[in-house]
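Each value in this text was obtained by applying a stated rule to the coordinates, not by laboratory testing. Treat the numbers as computed from the prediction; the structure is a model and nothing was measured. We place every Cβ from the backbone using ideal geometry, glycine too, and count neighbours over all the protein chains shown.
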Amino acid sequence: MTQNWLIPGIIALVILGIAGSAWLVRARVKIPGTFRIKKLSAEGIDPASEKIISWYDQELGQLGFEKAGDFEVADLEGENLHRVFVHPSDAVEAMVSVLMTGLRRVPHLEFYTKFQDRGSLSTDQATVPNYFEIPSERVIQRFPGLKPAPLYQVHQKKSREMIAQGARPLLLSKDAIFKFIEQDQQELLSYQVKRGYMTTDSENDLIRPTWKFSFYFIIRNLDPIPFGISPVKLISALLSSAAIMFSLFALAKWGNLEGILPGMALTPPQTAYAAGALGAVISGVLLGWVIQRRAFLWAGLIALIGVILLLNNLFPNDWMVILIAAQAGLVGNRLYESRLTRSPTRLPSQLMVLIVLIIIGWMMLSGVRS
């Protein structure tokens, strides 16, 4: 009976979750309709952000870039600090921004070349997906974690290819760079309105997300491939997690657990559940730690396969192991985040949910003998 409503129930919850999240995006996101830059003095930057962003000063200086200044986007909510540099001979702008991912501030470097035909080339080290719709003439290259020098080499190589095909770079200067950024970003915002991702609120000089953008935003966040993780690292992590989880699932099915755990007076369903839950927790947490994002999706999928192949009918609530694995993956993500931020702010609640799921699964076996 449980199996009959499990899959439709999960599908319904996913649909409701996506719809509710899209509604929140549409209701809360507000972007200034007019892109205006507010220049910042050294006193206007908090020490923590200055420490993050200033690391790039020497690196970019060695590449021939000259610092033009710091700015924030006027009336834009959230983390909003940018330092811009100009290369006097290569017609390239470099911008270092401070972004928030979860609870941590991270730097983001982008090299940018604008061409006279309105096309452009952007090469960055982003660790988050791009949520705006990008015009086809704007070429974007993304290399998460790549250091400034090799990142600039990649940018120059692609730029030379585009120049060989007839593109003509626009020369940039420190005096004109802020006006250039304002115009360029205003064009991108106008494109979002034109494509139906945003709608204008002229009375308040804002643009707001449409349902089209809201669902696009949520789907991008649910992309199963963790952004910034190499394919080799992802595949290795998935195979290792599956090996750990399936080994304990196999022990639950074929191992003599009553002999291994004598005197504990556990029923066969309880011993099978204990082994299955242990495998789900260990592999899920390790997977979350290694791939840093999206582990709840992958751990849950691996557990689903394992339940179908190995745990099916060993105990009546075998589907609980899928939820436990998914939650363990999220706990692993939070552990990784806590190590970076040195602050486990978001860890305790997720750990508590995992413990509650394990306890609920155990209590559901009360009175089940075989």
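Things to note:
- Gyration tensor verdict on segment 93-245 (Cα atoms; rounded if a/c is under 1.5, prolate if a/b is larger than b/c, oblate otherwise): oblate
- Highest-MSF residue in the chain out of ILE355, ILE53, ILE225 [GNM, Cα springs under 10 Å]: ILE355
- On Cα atoms only, tilt of 177-194 relative to the major axis of the chain in degrees: 50
- Packing rank of 245-251, 35-41, 313-319, where each peptide gets the mean count of other beta carbons within 10 Å, highest leading: 245-251, 313-319, 35-41
- Relative to the dominant Cα principal axis of the chain, helix 211-221 is inclined by about 70°.
- Scoring 21-30, 110-119 by mean Cβ neighbours within 10 Å over their residues and listing the highest first yields 110-119, 21-30.
- Integer Hz, Karplus 6.51/-1.76/1.60 couplings in order for segment 68-83, x for Gly and Pro: 9, x, 10, 7, 10, 7, 5, 6, 9, 7, x, 4, 7, 9, 9, 10
- Links that overshoot a 21 Å alpha carbon limit, given the list LYS39/LYS67; LYS114/LYS157; LYS157/LYS179: LYS157/LYS179
- Amide H contacts for ILE207 (H built 1.01 Å from N in the peptide plane; partners 5 or more residues away or on another chain; cut-off under 5 Å): ILE31, GLY33, ASP201.
- Distance from segment 291-310 to segment 34-57 (C-alpha centre basis), Å: 41
- Amide hydrogen neighbours beyond the local backbone of LEU81, cut-off 5 Å, H modeled: VAL98
- From the coordinates shown, Cα Rg over 2.2 N^0.38 Å corresponds to which of (i) 1.22; (ii) 1.72; (iii) 0.99: (i)
- Helix 148-164 and the longest principal axis of the Cα set of the chain meet at an angle near 60°.
- For the chain, the relative contact order is 13 percent, taking Cα pairs closer than 8 Å that sit 6 or more residues apart in sequence and dividing their mean separation by the residue count.
- Segment 303-311 - phi-based ³J(HN,Hα) in whole Hz, Karplus 6.51/-1.76/1.60, Gly and Pro as x: 5, 4, 4, x, 5, 5, 7, 10, 9
- Largest GNM mean-square fluctuation among GLU203, GLU77, GLU133, using the chain with Cα springs under 10 Å: GLU203.
- Annotation: amide H-H contacts under 5 Å for GLY69 (H modelled 1.01 Å from N, sequence separation of 5 or more, or interchain): VAL84.
- HN-Hα J in Hz across segment 250-256 - Karplus 6.51, -1.76, 1.60, θ = phi - 60°, x for Gly and Pro: 5, 4, 5, 8, 10, x, 8
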